[in-house]
């Protein structure tokens, strides 16, 4: 399902369709950012303390880095996909994996759970770009916080969350 852009009647959409290469771009972007341990720690803090799906953080940062103008409708659609997938699949897997990590008898089980969790994250990060097909380039640098505010609207009501997002953007 593609997102509609905010074109006025009569305007032509100049957005590019999302192909397999673009879908892979978000996954590669995520893998690259995850190499920075400070970035990883900041994302996990937001995930564990505020239940913010890391996929939304990565997607927002990727969209900003790609020069895509923040769009509330797209943000809602991204969240409507990511949040339930996170709650229904990734969070329960993560809980079981973390519990298994505490049991010295289960290193292989933990590893397998980690692989399944990673596959779920990969699926999500290669699916989210399909919801961004019609986003227009901003034509100027995009502040990542603009996308994060669209994707995590609770930021306006939570000072700690806002500080944590600002810290993430600064990395």
* Among 109, 85, which comes first, then next, by fewest other beta-carbon atoms within 10 Å? -> 109, 85
* Asked: Which value results for Rg/Rh of region 31-153 when Rg is the Cα radius of gyration and Rh the Kirkwood radius based on the inverse mean 1/r?
  -> 1.02
* For region 99-152, restrict the atom set to alpha-carbon positions and state the Rg and Dmax in Å. => 18.2, 55
* By how many nm would the segment from residue 166 to residue 80 grow when fully extended, if each residue of separation counts as 0.36 nm and the alpha-carbon distance is taken off? -> 28.6 nm
* **Additional length obtainable on full extension of the chain from residue 115 to residue 89, 0.36 nm per residue less Cα span** => 8.0 nm
* For a quick protection proxy, order the peptides 127-134, 57-64, 38-45 by their average other-Cβ count within 10 Å, most packed first. => 57-64, 127-134, 38-45
* Most mobile of 139, 67, 160 per a Gaussian network model of the chain (Cα springs, under 10 Å)? -> 139
* Label points 7 Å out from Cα along the Cβ direction at residue 138 and residue 65: separation in nm? -> 1.5
* Asked: Roughly what % of Cα-Cα distances in region 84-130 sit above 15 Å, to the whole percent?
  -> 45
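Throughout, read-outs are computed from the coordinates displayed, never taken from laboratory work. Just so it is clear, the model here is predicted, and its values are computed rather than measured. We place every Cβ from the backbone using ideal geometry, glycine too, and count neighbours over all the protein chains shown.
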